[in-house]
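*Asks:* Below you'll find the structure I mean.
The values are calculated or read from the model by the stated rules, or taken from the named source; none is laboratory data. Nothing here was measured: the structure is a model prediction, and the numbers come from that model. Don't worry about glycine lacking a Cβ; one is built from the backbone with ideal geometry, like all the others, and counts go over all protein chains shown. Surface areas here come from the heavy atoms of the whole protein model, side chains and all, with no ligands, DNA or RNA. Shrake-Rupley method; radii C 1.70, N 1.55, O 1.52, S 1.80 Å.
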Amino acid sequence: MAQQFDPYESLPDHLADTGPIRRVEVLSGWRRLFGLVSLIAAAGLTIATALLVLSPAETPAPDIVPATTISATTNADTTAPMQAPTTAPILSDETAIPGSLPPILSADSMAQLLATPVAPVDQLIGWEIPRDNYTAFTIIPDRPRSEVVQYTVQSGDTIFQIADRFGLKPESIAWANPRSIVEALRPGLQLNILPVDGVYYTVQSEQTVASIGTRYQVDPYSIIDSEFNPDLFGAAPDTELPSGTHVVVPGGTDAAINWNPPVQRIAGTTNSSGGSSGAKISFDTGDPGSCGLVDNPGATGGWVKPLGSYTWVRGFSSIHTGVDLADATGTPIMAAASGTVAFAGWSNWGYGYSVVLAHGPFTTIYGHMSAVSARCGSFIYAGQVIGAVGSTGDSSGPHLHFEVRYNDIPVDP
């Protein structure tokens, strides 16, 4: 017999230490049959397993508790106890299968269930917790402002309403904005709103922090250390600030502002000689010095100066609605025209102790008095003494703040 070629004998020697390599032998017929049967059995087992995994699982019936044993728990925050459904069929213990399986519906119970009308969709929710309070649970506390913000003036706004809305004094609104805006408040204008009472100053030319503090009567370090001036961190009182720098001056005060108190008028009748009768006026009702409604017969005679001599301090503007005339404390103040005393006493509008005289369509105001000698409702003649010069209210020194108003509109005296 010829010797057959063995391919394994030609392998390189370096594989010899891996052990002998088994030759592939031809399988006999019965072994082929056994392998085919095993393959078919394995395929069948695989298919059965796949069907078992993919088939839907049966949902166990829920435990049904007799309706007579269900009680509703009352929530302290609700107005009525929670009610359990009453339409569910009642099952007896005899229908339960011993063990851990749930109860099974009897034929009668099934018929009762099928005969029960279906409730509307909005009533199919099992339990309902009534709620009569629809306020959001999240409470956002008021947070203090940390910077200057802008407010757009709305129709009907006043400086006092805006100040009250932001928790500031009216003066802080005026001292934070150009006078042209404050004097002519119109819808659509933008107002600077400070985080605290004080002054919002814009540096006009290079100047030190100390000079700003002196101008507004505060310690320069209160400006430097303020959280509202982060750009001044590390500065010193002698630090010069460039033109255009905006500085919040907490607690700073600028020129005193005299606002317009409310006035009520009742028209009278005009007689043949041109005079009027029955007219009344009330100046700032509710303020301590207000006299309420008093007669306002109109002016008689001419006008005189309210002080014999004085030093001119400040003139008239739409934000400073009078003139300031300085003189020594106690200097007599005289009525500028004949009229009725409509106000005599303390004013909460910055005038301090003051007197207001009504002269028909005119009124005159005398502020910052050290003493008041006029009495409510009395008729005063031009030149008659009504009080004395002082420095009460929003005042930085003894002087008379004198105003003249025509139909309650300030005019230049």
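*Asks:* Any chance you could run the full-extension gain for Gln154 through Gln264? It's 0.36 nm times the residue separation minus the Cα-Cα distance, nm to one decimal.
*Replies:* Taking Gln154 through Gln264 to full extension adds about 37.1 nm, to one decimal.
*Asks:* Enter the accessible area per residue of region 298-408 (Å², integer; probe 1.4 Å; all protein chains in place).
*Replies:* 37
*Asks:* In addition: Heavy-atom accessible area of Val149 with all protein chains present, probe 1.4 Å, nearest 10 Å²?
*Replies:* The accessible area of Val149 comes to roughly 40 Å².
*Asks:* Could you sort the peptides 399-410, 285-296 by per-residue average Cβ neighbour count (10 Å cutoff), highest mean leading?
*Replies:* 399-410, 285-296
*Asks:* Net charge near Ile223, counting Lys/Arg +1 and Asp/Glu -1 over other residues with Cβ under 12 Å of its Cβ?
*Replies:* -3
*Asks:* Let me ask another. Summarise the accessible area of region 295-350 (1.4 Å probe, protein heavy atoms) by the percent that is carbon and sulfur.
*Replies:* 58
*Asks:* Also, I was wondering about something else. Sticking with the crude label model, points 7 Å out along Cα→Cβ, report the distance from Gln190 to Arg314 in nm, one decimal please.
*Replies:* Each label point lies 7 Å from its Cα, and together they span 2.9 nm.
*Asks:* In addition: Whenever you get a sec, line up Ser309, Ser395 from highest to lowest accessible area (probe 1.4 Å, protein heavy atoms).
*Replies:* The ordering from most to least exposed comes out as Ser309, Ser395.
*Asks:* Keeping every protein chain in place, order Ser396, Ser155 by accessible area at 1.4 Å, biggest value first, i.e. largest first.
*Replies:* Ser396, Ser155
*Asks:* Would you mind getting me the FRET efficiency between Ile40 and Thr116? Use the beta-carbon distance for r and R0 = 51 Å, nearest 0.05.
*Replies:* 0.40
*Asks:* Hey, another quick one. Charges at C-beta only: +1 for Lys and Arg, -1 for Asp and Glu. How large is the resulting dipole of region 200-299 about its Cα centre, in Debye rounded to 20?
*Replies:* Approximately 760 debye in magnitude.
*Asks:* How do Ile266, Ile181, Ile281 stack up against each other in accessible area, from largest to smallest, with a 1.4 angstrom probe?
*Replies:* The ordering from most to least exposed comes out as Ile266, Ile181, Ile281.
*Asks:* Right, another one. Using a 1.4 Å probe, what is the accessible area per residue for region 173-266, in Å²?
*Replies:* Solvent-accessible surface per residue comes out at 50 Å².
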